[in-house]
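Here is the structure we will look at, set down as structure tokens.
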Amino acid sequence: MIGAGTMGAGIAASASAANYEVYLVELAAAARERAAAGLTKTLGRLLPDAAGAEAAFGRIRLVDSVAQATSGDIYIEAVPEVLDLKRTVFAELARLAPAGALLATNTSSLAVGEIARPTGRAQSVVGIHFFNPPAVMKLVEVVRAEQSSDESVRRAVEFVERLGKTPVVVRDTPGFVVNRVARPYYLEALRAIDAGAADAECVDAVLEGLGFKMGPCRLMDLIGLDVNLATTRSVYEATHVERLRPSPLQERMVAEGRLGRKSSRGFYDYGA
Amino acid sequence: MAPKGRVVVFGRGPAAGGILRAALDAGYRAVALKDLRAIQREVPDAAIAVEASAADHLRKREALEAIGNALQPHALLLADALPATAAECAAWTGQPRLCVGYGVVGSLADQRVVELVRSPATYDEAMEKARAFFADLGRETRDVGDRPGLICGRTIAALANEAAWAVTHGVASADDVDRAMQLGTNYPRGPLAWAREVGVDRIVAILENLQRHEGEAYEPAPLLLKMAGKRKETVTR
Ligand SMILES: NC(=O)c1ccc[n+]([C@@H]2O[C@H](COP(=O)([O-])OP(=O)(O)OC[C@H]3O[C@@H](n4cnc5c(N)ncnc54)[C@H](O)[C@@H]3O)[C@@H](O)[C@H]2O)c1
């Protein structure tokens, strides 16, 4: 597991809870410390039996370079969402990982095929896209890039199933399934509000009244309007379909620093 | 308590059925109307006429004209404002002051909040009657602006459309798209299963309404047209 941030640490916990031996590679010392504390907590929740949780914790080795983890069967990258960073990691994996290893990226918005390019073994590269928080969310999108082999996809599916999660195989297209198909949930709300048809509270009430757990405005406030807008932008810029064009209202709010809960103000006020 | 007025519900889909059932449960004398003759016969005795036609635009217009013709001057006409705007519906009735648009996507049983929308000519009194009626059926109401599809319709239809485009583009199978959306988001149903429940022809009608008013971005995906049993129009505009 490369990168021990929000996603990497959670994925490592799920894998060790499912009896995998895990090397968790993290460059930053501070992130390693945070990850160690987070792992204890997550494993405690995943495995209520204290001895089991402790054993699972013992199956994870926190290290600071891929050079210390050269015997892996499966490598999963979860470093920040920057193409060059990911490519550097994959170039390193191509040098250090065993020839038969499965190489996977947890990217949400980059093309798996692009990330795989510097490896020279694109047939072994797939996306394994977890959702946040990864230890809890059951869905995992297994991304088949153009050059991914059937065998690589099969191994990724099997891995996800062994974690007790539900794999859905998707093609390497912008936003895959979930981040793409969810766009209208936010965009239609933003468009209705921008057109003056309703305010945020009304939109949320109507949609929560239809069974959505959280209305789109409350949800954008929780996710962060900037993070949500970045996802819409990345899908739009990769497709240029009018349906998915980012909302000018959301762009204005982000420019004004109305980002949601984290800035105390988004569609709603959260006090200072 | 004074006996409740007579309610007539025109239409066949889940929306019509759900409103009829809720009205009966709330103690109204309610009947379903299936055709124009039934409209002519029953609407003159109705305190509240609910239009919940199937998707087809021409038939919806025909029904609203017939209901408007037969309606008593103190009655309320509730028009389904998802496949056409409230202003359009109100104009078709010829009784725009008595007409209030409402938004119920599928069965009312699945919907706790109902959007209400007025045409430029709708009387305040009609709005109040509409609020009271839905309150009587145990529903909250919200007044919203007259934008195509209202909020409930445009959201469910646009989600189904994006899901259908994703299938069309080979991103995943229809079942996998629904499974991914249910597990990966907080949605109560997969978008395509939801569309089937509501009626795919109704989803297409909502998209076509959006397309008419807001442009090509709402063009229904070929898969939805196929599911609705419609063939894509090849006429160039
Ligand atoms: N956070 C989410 O909700 C979420 C959900 C799904 C997918 N993702 C994707 O997962 C990936 C990681 O996201 P995150 O939220 O966990 O990020 P994060 O910033 O929390 O963690 C990234 C970690 O990678 C470390 N890192 C950077 N370069 C490294 C290297 N060369 N070797 C080892 N470690 C390195 C960083 O120090 C950091 O701790 C991204 O691609 C993101 O798009 C995130």
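The values are calculated or read from the model by the stated rules, or taken from the named source; none is laboratory data. Quick caveat: nothing in here was measured; it's all calculated off a predicted structure. When we count neighbours, we look across all protein chains shown, and the Cβ atoms used for this are built from the backbone with ideal geometry, even at glycine. Heavy atoms of the whole protein, side chains included, go into the accessibility calculation; ligands, DNA and RNA do not. Shrake-Rupley method; radii C 1.70, N 1.55, O 1.52, S 1.80 Å.
Tabulated data
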quantity	calculated
Folded to 0 to 90 degrees: helix A:83-96 orientation relative to chain A principal axis, Cα	10
Distant-in-sequence amide H partners of B:R142 (H built 1.01 Å from N, under 5 Å)	B:V114, B:E115, B:L116
Long-range HN-HN contacts of A:R61 with modeled amide H, under 5 Å	A:V22, A:Y23, A:L24
DSSP beta bridges in the protein assembly as shown [antiparallel fraction, %, rounded to 5]	20
Trypsin sites (Lys or Arg not before Pro) within the stretch B:182-235: DSSP coil, no more than 13 neighbouring Cβ in 10 Å	B:R231, B:K232
Karplus (6.51, -1.76, 1.60) ³J(HN,Hα), θ = phi - 60°, over the stretch A:203-211, in Hz, Gly and Pro reported as x	4, 4, 4, 4, 6, 5, x, 8, x
Cross-link pairs A:K86/A:K213; A:K138/B:K226; A:K213/B:K129; B:K34/B:K129; A:K138/B:K230 - those with Cα-Cα distance over 26 Å	A:K86/A:K213; A:K138/B:K226; A:K213/B:K129; A:K138/B:K230
Computed Rg/Rh of the stretch B:152-227, alpha carbon atoms with Kirkwood Rh	0.95
Cα-Cα separations in the stretch B:6-143 greater than 19 Å, expressed as whole percent	40
Percent of beta bridges antiparallel (DSSP, chain B, rounded to nearest 5)	15
Those residues of the stretch A:165-179 for which accessible area with every protein chain present is at least 40 Å² below the isolated value (1.4 Å probe)	A:V168, A:R171, A:V177, A:V178
Surface share of carbon and sulfur [accessible, 1.4 angstrom probe, percent] for the stretch A:6-171	53
Hydrodynamic radius (Kirkwood) for chain A, which is based on Cα pairs only, to one decimal in Å	19.9
Whole-number percent relative contact order across the stretch B:123-237, with pairs defined as alpha carbons under 8 Å at least 6 apart	26
Max mean-square fluctuation residue, GNM over chain B, Cα-Cα springs under 10 Å, options B:G149, B:G103, B:G27	B:G27
Mean accessible surface per residue for chain A, computed with a 1.4 Å probe while every protein chain stays in place, in Å²	43
Taking chain A and dividing mean pair separation by its residue count, relative contact order in percent (alpha carbons under 8 Å, at least six apart)	13
Low-density loop positions, GluC sites (Glu not before Pro), the stretch A:139-180 - DSSP coil, at most 16 other Cβ in 10 Å	A:E146
Sparse-neighbour loop sites [trypsin sites (Lys or Arg not before Pro); the stretch B:86-183; at most 15 other C-beta within 10 Å; DSSP]	B:R112
Within the stretch B:6-143, percent of DSSP bridges classed antiparallel, to nearest 5	15
Whole-number accessible area per residue in Å² for the stretch B:39-115, which is evaluated in the context of all protein chains at 1.4 Å	34
B:R97-A:S264 FRET efficiency (beta carbon distance; Förster radius 51 Å; 0.05 resolution)	0.65
Placed amide H near B:L33: partners under 5 Å, 5+ positions off or other chain	B:V9, B:F10, B:G11
Alpha-carbon spread of the protein assembly as shown, three principal axes, descending order, Å	84, 52, 42
Solvent-accessible area buried by A and B, counting both chains, probe 1.4 angstrom, square angstrom	3600
Percent accessible area from carbon and sulfur atoms, the stretch B:6-143, protein chains only, probe 1.4 Å	49
Using θ = phi - 60° and Karplus 6.51 cos²θ - 1.76 cosθ + 1.60, couplings along the stretch A:225-234 (whole Hz; Gly, Pro as x)	4, 5, 5, 5, 5, 4, 5, 4, 4, 5
Efficiency of FRET between B:L24 and B:D175 - r from beta-carbon atoms, R0 30 angstrom, step 0.05	0.25
